[in-house]
Amino acid sequence: MKQPTKWALTGAAAGIVCGLFGGGGGMLAVPLLQKSGLSSRQTFATSLGVILPLTVASLIVALFRQGFDWQIAWPYLVGGGIGGFIGGRFFKNIPTLWLHRVFGVLLLWGGFKAVFGL
């Protein structure tokens, strides 16, 4: 299979995850992008660029189909925007080993919460 086809399938899988679970396509995109030959930092940065349009597409569907509660969402949007800015500023200064470790811990924590509902 050619690389662009693999990348398109990876994008489709990440989009499905975003649509089903309200985001989270990055947890799929990062490990798959790592196989494309990008450096760790390029992988994390590229994942952000890939996930944004997937999340917007999922949001549009949610707005028209399931209903969207702006009253509850806006504090998360503000906090997430501030947190994203801070994280982006520190990104270059954090060793890639720690980026991988934190990403792995977050995946494990999210999986544990999803399975056991705690």
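The values are calculated or read from the model by the stated rules, or taken from the named source; none is laboratory data. A quick note: this is a predicted structure, and the numbers were derived from the prediction, not measured. Ideal geometry is used to build each Cβ from the backbone, glycine not excepted, and the neighbour counts take in all protein chains shown.
Can you say whether G110 is exposed (fewer than 11 other Cβ atoms within 10 Å of the Cβ), in a helix (DSSP H, G or I) and not assigned by TED's automatic domain parsing to the domain that holds A8, as far as the supplied structure shows?
So G110 does not fit the description; no.
Between residues in region 63-87 that are over 24 Å from G49 (Cβ atoms) and in the same structural domain as L52 (by TED's automatic domain parsing) and residues that are aromatic (F, W, Y) and part of a helix (DSSP H, G or I), which pairs lie under 7 Å by C-beta distance while being six or more apart or on different chains?
none
The conditions are (1) exposed (fewer than 10 other Cβ atoms within 10 Å of the Cβ); (2) within 22 Å of I16 (Cα to Cα); (3) of a type outside the set (S, T, N, Q), and L54 fails exactly one of them. Which is it?
(1)
Go through region 24-66 and give me each residue that's under 20 Å from L77 (Cα atoms) and touching a Ser or Thr at 6+ places or on another chain (Cβ under 6 Å).
Correct list: G26 only.
Taking into account only those residues within region 1-44 that are of a type in the set (F, W, Y) and either over 22 Å from F64 (Cα atoms) or assigned by TED's automatic domain parsing to the domain that holds I94 (or both), which is surrounded by the most Cβ atoms within 10 Å (Cβ to Cβ)?
Restricting to residues being of a type in the set (F, W, Y) and either over 22 Å from F64 (Cα atoms) or assigned by TED's automatic domain parsing to the domain that holds I94 (or both), the top hit is F44.
What number goes with the only condition from (1) farther than 26 Å from R41 by Cα; (2) surrounded by 11 or more Cβ atoms within 10 Å (Cβ to Cβ) that G80 does not pass?
If we test G80 against (1) farther than 26 Å from R41 by Cα; (2) surrounded by 11 or more Cβ atoms within 10 Å (Cβ to Cβ), just (1) comes out false.
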